[in-house]
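Enquirer: My structure is below; once you've seen it, I'll send some questions.
The values are calculated or read from the model by the stated rules, or taken from the named source; none is laboratory data. Remember, predicted model here, so these are calculated numbers, not experimental data. As a convention, Cβ positions derive from the backbone with ideal geometry for all residues, glycine included, and neighbour counts pool all protein chains shown. For the accessible areas, the whole protein counts, side chains as well, though only heavy atoms, and no ligand, DNA or RNA atoms are used. Shrake-Rupley method; radii C 1.70, N 1.55, O 1.52, S 1.80 Å.
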Amino acid sequence: MAYKAPKGTQDLLPAQARAWEAFKAKALQVFGLYGYEPVETPIFEKAELFLRGCGETCDAATKEIFSVFSLGAVNCLKADQPLKADQKLALRPEGTASVVRAIAEHNLVPQGGAPAKLLYAGPMFRCERPQKGRLRQFHQVGIECLGATDPSADAEMIIMCMRFFEELGLKRKSMTLLINSMGCAQCRPGYTAAVKAFMQEHEAELCEECQRRIETNPLRAFDCKNPQCYEVMEAAPRFSGHLCPSCRDRHEKVCAYLQAAGIDYVEDPRLVRGFDYYTGTVFEVQVTEGLGSQSAIGGGGRYDGLMGEVGDRDLPGLGFAVGFERIMLALEAAGVCIGCPQVKPVYVAVVDDSVRPQAFSILQQLRDAGIRAEGDTQGRSLKSQFKVAGKMDAALAVVVGPDELAAGQVTIRDFSTHEERQVGIGQVAQQVASLLA
Ligand code: HAM
């Protein structure tokens, strides 16, 4: 085979594509209860939106950005409009920056206005080393809320996320909710300096990447997958000891709201998350079954500084995103199917070629009546049409034969009871509908 899907991507074949549709519909239903409305942003944006001048301090998620470029006048499929050399575009690695950009661009939160609550779903692109649960093109559903300051909004985000997982069919006890506070512009520098000093003391024990992080982004060392770094960072200072009174108060309030809502959580001082924009509350949901090392099925938090970087005024924000492919693995391990067909088809079989026009018309009548109907388009024998009907798990067959047709009738066969009945040609749709009911 000359062409295969690129490494780290996968086709969503009908069962997965149906699951994806069901997944999005569930998100609209659950998050709609909290006032979230759908939004669609471009799949590519100016690369700077995702990089935001981060240069060397960029963490993994931003280093993994796919850039988009024109193949130039020679190779470009549509060479009359090549991209300008200085116009760097990138495939979105996540939805947050794009949604915040759209909110700023369209002024969706005017001064004094109510928070903007937006929901998005679609493919995201990260040039990561592919493995189980980690793809280069994957699908997320996410929500973003811009303009809410109260700690109850942080708790509501987490509660909504857990509710969505449960509504999809994941059991609460199969999930672990981790939460932490990343502090704010007042307390983060002091904490970062304390971690940096600790890492300098232990530099020789850290991997090369973490040694670099001492200068660029010390907190990311908490997320290092190297077992030795993990052990060293166990003894590093914890943020809880460095939070300013306002961040501590917010964190305590968020925890109190979660307790009141009966949501179990684990405080994880090592939870730092992969994007640099977080401030205050961060959370992640992990599952134990079906995913191996890529166990995070969703996560997010507060990002009160992002709008100031992307737009031209400050606006507090928070949100989360969940990964479709990882959740599918977790649902599979739990034996839950989403988007499975609810309605079995009806198969219209022809006894010979002479009745194909009438069978064709019966098929249309069934569909006009809202009944899922299938028929033969390959010139198969009756026996082989029944085999096909069996494979598609048809509930009924409508058998169209020249003799019955001459008497104005067709035969309906019920595949579960093996009963057969003759019905008038004008009553097929009505009879089929009542048998299916
Ligand atoms: P994230 O933790 O990078 O956060 O991604 C959210 C979820 O997307 C992960 O928990 C995981 O389920 C899934 N995911 C991430 N990378 C991959 C991958 N390479 N392959 C398969 N699934 C993946 C964000 O994206 C933030 N924008 C969340 C957010 C929204 N924070 C605030 N608002």
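Enquirer: I'd like the Karplus ³J(HN,Hα) series for segment 108-123: coefficients 6.51, -1.76, 1.60, θ = phi - 60°, whole numbers in Hz, and an x wherever there's a Gly or Pro.
Expert: Once θ is set to phi - 60°, the couplings for segment 108-123 become 6, 10, x, 3, x, x, 6, x, 8, 10, 10, 10, 9, 8, x, x Hz.
Enquirer: A further question follows. If ligands, DNA and RNA are left out, what is the accessible area of E201 with a 1.4 Å probe, given in Å² to the nearest 10?
Expert: 140
Enquirer: Could you compute how much accessible surface R273 exposes when probed at 1.4 Å, giving the result in Å² to the nearest 10?
Expert: Using a 1.4 Å probe on the heavy atoms, I get roughly 40 Å².
Enquirer: Once neighbouring chains are kept in place and the probe is 1.4 Å, which whole percent of the accessible area of the chain is contributed by carbon and sulfur?
Expert: Carbon with sulfur: 52 percent of the solvent-accessible area.
Enquirer: Let me ask another. So if each residue of separation counts as 0.36 nm, and I subtract the Cα-Cα distance between D249 and F44, what length gain in nm does that give?
Expert: 69.9 nm
Enquirer: Any chance you could list P(r) for the chain, counting all Cα-Cα pairs in 10 angstrom bins from zero, rounded to whole %?
Expert: The calculated distribution, bin by bin, is 4, 17, 23, 20, 14, 10, 7, 3, 1, 0.
Enquirer: At a threshold of 8 angstrom on Cα-Cα distance, excluding pairs fewer than six apart, so keeping six or more, what relative contact order does the chain reach in percent?
Expert: On the way: 743 pairs, mean separation 66.8, N = 437.
Relative contact order comes out at 15 percent.
Enquirer: May I ask you to rank I159, I327 by accessible area, largest first, using a 1.4 Å probe over the protein chains only?
Expert: Accessible-area ranking of I159, I327, largest first: I159, I327.
Enquirer: What FRET efficiency comes out for the pair Y230/R313, r = Cβ-Cβ distance, R0 = 45 Å, nearest 0.05?
Expert: 0.65
Enquirer: Please work out the Cα convex hull volume for segment 1-53 and give it in Å³ per residue.
Expert: Taking the convex hull of the Cα positions in segment 1-53, it is 151 Å³ per residue.
Enquirer: Moving on to the next point. For segment 285-347, what is the Kirkwood hydrodynamic radius in Å, using each pair of distinct C-alpha atoms?
Expert: Result for segment 285-347, one decimal place: 14.7 Å.
Enquirer: Which whole-number percent is the relative contact order of segment 271-324 (Cα, under 8 Å, 6+ apart)?
Expert: 31
Enquirer: For segment 407-423, take each phi angle, set θ = phi - 60°, evaluate the Karplus expression 6.51 cos²θ - 1.76 cosθ + 1.60, and give the result in whole Hz per residue in order, putting x for glycine and proline.
Expert: With the stated coefficients, segment 407-423 comes to 8, x, 10, 9, 9, 10, 10, 8, 5, 7, 9, 6, 6, 10, 8, 8, 10 Hz.
Enquirer: Taking the Cα atoms of segment 125-270, what is the range of coordinates along each of the three principal axes, in descending order and whole Å?
Expert: On the principal axes, segment 125-270 reaches 47, 42, 29 Å in Cα extent.
Enquirer: At 0.36 nm per residue, and after removing the present C-alpha to C-alpha distance, how many nm does the segment from D393 to S67 gain when stretched out fully?
Expert: Full extension of this stretch gives 112.8 nm more.
Enquirer: Between Rg and the Kirkwood Rh of segment 209-254, both from Cα atoms, what is the Rg to Rh ratio? It would help to have the intermediate numbers written out before the result.
Expert: Values: Rg = 13.2 Å, Rh = 12.1 Å.
Here the Rg-to-Rh quotient is 1.09.
Enquirer: I need the semi-axes of the equivalent ellipsoid of segment 372-437: take the C-alpha gyration tensor, multiply each eigenvalue by 5, square-root it, list largest first in whole angstrom. List each step's numbers first, then the result.
Expert: Details: eigenvalues 67, 50, 21 Å².
After diagonalising the Cα gyration tensor, the semi-axes are 18, 16, 10 Å.
Enquirer: Please report Rg over Rh for segment 299-426, where both radii come from the alpha carbon positions and Rh follows the Kirkwood definition.
Expert: A ratio of 1.37.
Enquirer: Also, quick follow-up: Starting at 0 and stepping by 10 Å, how many percent of the alpha carbon pairs of segment 83-204 end up in each bin?
Expert: Result, from short to long distances: 9, 23, 34, 27, 7, 0 percent.
Enquirer: Amide H of L170: which non-local residues (sequence gap of 5 or more, or other chain) have their own amide H closer than 5 Å, using H built in the peptide plane?
Expert: Those qualifying (amide H under 5 Å, at least 5 residues apart or on another chain) number zero.
Enquirer: With a 1.4 Å probe and all protein chains left in place, how much accessible area per residue does the chain have, in Å²?
Expert: The answer is 51 Å² per residue.
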